[in-house]
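The values are calculated or read from the model by the stated rules, or taken from the named source; none is laboratory data. All of these numbers come straight from a predicted model, not from anything done at the bench. Here Cβ is always computed from backbone atoms with ideal geometry, including for glycine, and neighbour counts include all displayed protein chains.
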Amino acid sequence: MLSYPIIDPVLLSLGPVQVRWYGLMYVIGFIAAYLLVMYQAKRFGWRLMRLHLDNLHLYLILGVVLGGRLGYALFYNPSYYLAHPLDIAAIWTGGMSFHGGCVGALVAGWLYCRWSGLDFWRAADLFIVTVPIGLFFGRLGNFINGELYGRITLAPWGMVFPEGGPLPRHPSQLYEAALEGLLLFLILWSVKAKPWQAETSGRWPHGVILALFLVLYGLFRFAVEFVREPDPQIGLIGSLRSMGQVLCLLMIGAGVVVWAGRKAAIGRKRLR
């Protein structure tokens, strides 16, 4: 059994103001996304994206925060928030859904691209490549907070989390950081240029990087959910699946639909 490294979740206190590790992880993720999108826009010669990046990035941040909070209220604790709707705004109390944040960011991005004239599928491919960086740091923040830990295990790398009882548990936050963060980033970054190189052939139409993210994230998260402790207010659905797995199945299906739709759209253009 490994010892859980107890780290104060509060990085810095300035009077009533607290800087928490988890909040810092969000900031690092947003900054990394901005810099990596700017790098790609310069490399691929998309000047219009560079002109709109500041505004689009702000829209996406708002989409992530609003969607993540609404998704948590809807997917993970609807009975409580229906009874206490004003508490939805209390983001500082905790509770964010990645799936909700993903939907929020996609909606916000689509709206901005529609208003500004940017190509949504190109923009989605540029940004989605950077998302695993935020996921990596976010899961490290979960680990520091000692939350979202795994189920009880006899594995030698199990840890006793302060809020998880006396028995060792899977450090599922680190599994997710490795799969949804590091590995997913390496895969997407290795293929990020293909839609730009194949614009005339249609073999990798813009939008397929987004589709690849949806499918791979869904698969990785689905697998980790088998050893992640289910949310206590929900438990397992039918004693077999967690809410996270249900949402991941929908996510994988959405990725397949996007992939097929983008390939079909390019095929129709080539036939004209």
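Quick notes on this structure:
- Residue match in the stretch 120-130 (condition: among the aromatic types (Phe, Trp, Tyr) and within 12 Å of the chain's Cα centre (by Cα)): yes
- Annotation note: of Ala108, Ala178, the sole residue that is of a type in the set (Gly, Ala, Ser), closer than 24 Å to Ala73 by Cα and at pLDDT 95 or above is Ala108.
- Apart from one condition, Arg20 fits all of (1) of a type in the set (D, E, K, R); (2) under 24 Å from the mean Cα position of the chain (by Cα); (3) under 22 Å from Trp121 (Cα atoms); the exception is (3).
- Looking only at residues of the stretch 1-19 that are in a loop (DSSP other than H, G, I, E, B) and small (Gly, Ala, Ser), we find that the one that is modelled with the lowest pLDDT is Gly15.
- Residue check, Gly181 surrounded by 15 or more Cβ atoms within 10 Å (Cβ to Cβ), on the phi < 0 side of the Ramachandran plot, touching a Phe, Trp or Tyr at 6+ places or on another chain (Cβ under 7 Å) and assigned to a loop (DSSP other than H, G, I, E, B): no
- Residues of the stretch 40-87 that are over 20 Å from the mean Cα position of the chain (by Cα), part of a helix (DSSP H, G or I), among the hydrophobic types (A, V, I, L, M, F, W, C) and buried (at least 18 other Cβ atoms within 10 Å of the Cβ): Ala41, Met49.
- Those residues of the stretch 142-162 which are surrounded by 22 or more Cβ atoms within 10 Å (Cβ to Cβ) and either within 30 Å of Val191 (Cα to Cα) or touching a Cys at 6+ places or on another chain (Cβ under 7 Å) (or both), in sequence order: Phe143
- Selected residue [under 30 Å from Leu154 (Cβ atoms) and out of contact with any His (no Cβ under 9 Å at 6 or more places or on another chain)] from Met38, Met49, Met1: Met1
- In summary, Met96 fulfils each of the numbered conditions (1) assigned to a helix (DSSP H, G or I); (2) surrounded by 18 or more Cβ atoms within 10 Å (Cβ to Cβ); (3) of a type outside the set (Lys, Arg); (4) without any contact (Cβ under 8 Å) to a residue 40 or more places away in the chain with the single exception of condition (1).
- Among residues of the stretch 21-47 that are within 23 Å of Trp92 (Cβ to Cβ), those with a Cβ under 6 angstrom from a residue that is at pLDDT 95 or above and not in a helix (DSSP H, G or I), sequence gap 6+ or separate chain, pair up as Ala33/Thr130.
- Residue in the stretch 102-116 that is among the basic types (Lys, Arg), out of contact with any helix residue (DSSP H, G or I) (no Cβ under 7 Å at 6 or more places or on another chain), surrounded by fewer than 23 Cβ atoms within 10 Å (Cβ to Cβ) and assigned to a helix (DSSP H, G or I) present: yes
- Selection over the stretch 20-39 of residues that are aliphatic (A, V, I, L, M), at pLDDT 95 or above and loosely packed, with under 15 Cβ neighbours inside 10 Å gives a count of 2.
- Of all residues in the stretch 196-207, those that are surrounded by fewer than 23 Cβ atoms within 10 Å (Cβ to Cβ) and touching a residue at least 40 places away in the same chain (Cβ under 8 Å) total 3.
- Residue check for Glu225: crowded, with 17+ Cβ neighbours inside 10 Å, within 30 Å of Glu163 (Cβ to Cβ) and without any contact (Cβ under 8 Å) to a residue 24 or more places away in the chain: yes
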